[in-house]
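What follows is one structure encoded as structure tokens, with my remarks underneath.
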Amino acid sequence: MSRPRTTLASLILLSSALLGCNEKPGELTRTTKEWTLSVLTLSETTLANEYTVIGSVISDQRIDISSKITGYIKNLSVREGDLVKRGQLLLNLDGVGIENAILQAQAGVDSASALSKDLSSDVRRFEKLFKEGSISEVKLRKTRLQYNTAQEGLASAKAALATARSQRQYSHIESPADGIISARYKQAGDLASPGVPLLTLESRDQLLFETYVAESQLAHIDIGDAVRLAIDNASKDIIGSVAQIVHAGDPISRTYKIKIKLPNVIGLHSGMFGRAHFKVGEARNIVVPRSAIIIKGGLEGVYVVNENQRIHFRWVRPKRQWPDTIEIAAGLAAGDRIVVTATAGLSEDDLIVAEVAHGE
């Protein structure tokens, strides 16, 4: 008799469970947040169209340093990469040959001077004898001619001595400008000859940025134009000016060399890589504050405020970027309203309860 009672109880429990499954669950609701944030109404801004090319910092003056005399290098105190100052001693040549040449020239002067002095005495004596009728006029004239020749020889000997002495300054070679030693071709003990480079100095008196521009852009660039330069080693952009345009293009690449004058900036060195941004026109586009950009799901976008003060995430495609602003290539239009500072807590359909005027 106990088995039927158990079956009846099971049926009652099963029926209750089925009735419970037929009940509709309560609908889930989301509570929107309210924010007090600044909202910006977008408008088009006039922006410069830029043409960007890569290039390098170069020295405006590259000096090959050579000796004016022949001699062995006694001391070479600089190496590649050394910074030098104008007037700094770079190397010494062995001065033994120079001193010997000076001694020889001095001996020549002494000899010519003695000869000239003797002939001067002869001229005075012969003039006296000629007045007395003791010698002929021909003899006096020959003596005067010998004296004049000796005077010329003395002048030549003195010139040779001055030249020999001047060689002393060439045995000490100094830097002609502030700069950096970019190449060293000789070592101590090597023979230095006139016209053969010993060192190459790149002057730091004026640095340039050298680049090449396409033929199609050449018409937009003139001497004196301001150019924005982004050099990798510089902490911020540098403004230079076009100093030289070489109107002789490469027939293969169809590019033309441009040299841009750089301001005196500490830390710039020849060979540094960078980019030159030339202004080649103007256009009107949308610019937003950098703080308005937020990344959601790997996409960059902004929160747009609709007419009901509700916000919605909208994807945008950034273009050029500056420290505080970003140019938008696609996704926004003039008249759109966006949240100026997109915080992480903002969510879709949140309410902006107060709008603060912010540079419409």
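The values are calculated or read from the model by the stated rules, or taken from the named source; none is laboratory data. Just so it is clear, the model here is predicted, and its values are computed rather than measured. Using ideal geometry, Cβ is built from the backbone for each residue, glycine included, and neighbour counts are taken over all protein chains shown. Remember, those area values only see protein heavy atoms, side chains included, never the ligands or the DNA or RNA. Shrake-Rupley method; radii C 1.70, N 1.55, O 1.52, S 1.80 Å.
Miscellaneous remarks
- Partners for LYS319 among aspartates and glutamates (Cα-Cα distance below 16 Å; same-chain residues under 8 apart left out): GLU44, GLU50, GLU282, GLU300, GLU327
- Its Cα centre serving as origin, the chain has a Cβ charge dipole (Lys and Arg +1, Asp and Glu -1) of approximately 1240 debye.
- Shown for region 98-168: the carbon plus sulfur share of the solvent-accessible area, taken with all protein chains present and a 1.4 angstrom probe, equals 53%.
- Relative contact order (%) - the chain, alpha-carbon pairs under 8 angstrom, separation at least six: 28 percent
- Given their separation in residues at 0.36 nm each and the Cα-Cα distance between them, SER56 and VAL353 gain 101.6 nm when the chain is fully extended.
- Between the residues THR70, VAL138, GLY87, the greatest Cα displacement towards the positive end of the dipole of region 64-210, with unit charges on the Cβ of Lys, Arg, Asp and Glu, is found for VAL138.
- Potential extension, ALA283-THR46 segment - 0.36 nm per residue separation minus Cα distance: 84.8 nm
- Surface exposure of the chain, expressed per residue as accessible area with a 1.4 Å probe, stands at 61 Å².
- Projecting the Cα atoms of GLN187, LEU199, ALA214 onto the charge dipole of region 185-226 (Cβ charges, centred on the Cα centre) puts GLN187 farthest toward the positive pole.
- All aspartates and glutamates inside 12 Å of LYS259 as judged from Cα atoms, apart from same-chain residues fewer than 8 positions distant: ASP60, GLU210, ASP222, ASP225
- If you take all other residues with their beta carbon under 15 Å from the beta carbon of ALA283, and give Lys and Arg +1 and Asp and Glu -1, the sum is 0.
- Links that overshoot a 32 Å alpha carbon limit, given the list LYS68/LYS158; LYS85/LYS236; LYS85/LYS279; LYS85/LYS186: LYS85/LYS279
- Region 212-283-region 175-192 distance, computed between alpha-carbon centres (Å): 31 Å
- Only lysines eight or more places from LYS33 in sequence, or on another chain, were considered; those with a Cα closer than 22 Å are LYS296.
- Computed Rg/Rh of region 31-121, alpha carbon atoms with Kirkwood Rh: 1.61
- Correct option for mean projected area of the Cα convex hull in nm² [calculated from the coordinates] among [x] 44.2; [y] 30.8; [z] 17.9: [x]
- Neighbourhood charge, 13 Å Cβ-Cβ cut-off, centred on ASP237 and excluding it, Lys, Arg +1 and Asp, Glu -1: +2
- Taking amide H atoms as placed 1.01 Å from N in the peptide plane, the amide H of LYS33 lies under 5 Å from those of LEU351, each 5 or more residues away in sequence or on another chain.
- Where N is the number of residues in region 93-226, Cα Rg divided by 2.2 N^0.38 Å: 2.11
- Between GLU50 and VAL280, the built amide H atoms are under 5 Å apart, and every one of these is 5 or more places off in sequence or on another chain.
- A simple rule links phi to the HN-Hα coupling: the Karplus curve 6.51 cos²θ - 1.76 cosθ + 1.60 with θ = phi - 60°, which for region 216-222 gives 5, 9, 4, 5, 8, 10, 10 Hz, with x for Gly and Pro.
- Taking other residues whose beta carbon is less than 13 angstrom from the beta carbon of LYS261, and scoring Lys, Arg as +1 and Asp, Glu as -1, yields -3.
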